[in-house]
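Okay, structure first, notes after.
The values are calculated or read from the model by the stated rules, or taken from the named source; none is laboratory data. Keep in mind that this is a model prediction, so the values were computed, not measured. Don't worry about glycine lacking a Cβ; one is built from the backbone with ideal geometry, like all the others, and counts go over all protein chains shown.
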Amino acid sequence: MDLREWLSKEKMSIQAFADEVRIDRTYISKVLTGRVHPSLAVALDIRAATRGEVPLEQLLPLAIRPPSAAPVKRDTARKPSVPTISRSRASA
């Protein structure tokens, strides 16, 4: 479970959570959007505040997150786009 899902499940605002872990609300917002990744100390505080329901792996950058902790990609019904050649380039 990631932090956003946990906050929703607990019906907790970002501000209330920030107050609980004693971190600025804007910093928690940046963590939620992936603009920043928490230090180990902050990640441990987040894990403790969520009673372990948000594992440390969920707070790592996607590039180094273990596959088991990567977000699940939802299958979309869209067909892959096929490149087309314009007529002006085809005759050149």
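Results for (1) part of a helix (DSSP H, G or I); (2) within 24 Å of ILE28 (Cα to Cα); (3) touching a Leu at 6+ places or on another chain (Cβ under 9 Å); (4) at pLDDT below 90, shown as yes or no for each residue.
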position	(1), (2), (3), (4)
ALA41	yes, yes, no, no
LEU44	yes, yes, yes, no
ALA48	yes, yes, no, no
ARG51	no, yes, no, no
ALA77	no, no, no, yes
SER81	no, no, no, yes
SER88	yes, no, no, yes
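Taking into account only those residues within the stretch 1-26 that are basic (Lys, Arg) and assigned to a loop (DSSP other than H, G, I, E, B), which is farthest from ALA43 (Cα to Cα)? Before the answer, list the steps.
Of all residues in the stretch 1-26, those basic (Lys, Arg) come to 4, 9, 11, 22, 25.
Then drop every residue that is not assigned to a loop (DSSP other than H, G, I, E, B), which leaves 11, 22.
On the way: LYS11: 20, ARG22: 12 Å.
Here the answer is LYS11.
Kindly check whether there is at least one residue in the stretch 17-29 that is surrounded by fewer than 14 Cβ atoms within 10 Å (Cβ to Cβ), touching a helix residue (DSSP H, G or I) at 6+ places or on another chain (Cβ under 9 Å) and β-branched (Val, Ile, Thr).
yes
On the basis of being without any contact (Cβ under 8 Å) to a residue 40 or more places away in the chain, aliphatic (A, V, I, L, M) and not in a helix (DSSP H, G or I), does VAL36 make the cut? Full working, then the answer.
Details: without any contact (Cβ under 8 Å) to a residue 40 or more places away in the chain: yes; aliphatic (A, V, I, L, M): yes; not in a helix (DSSP H, G or I): yes.
In short, yes.
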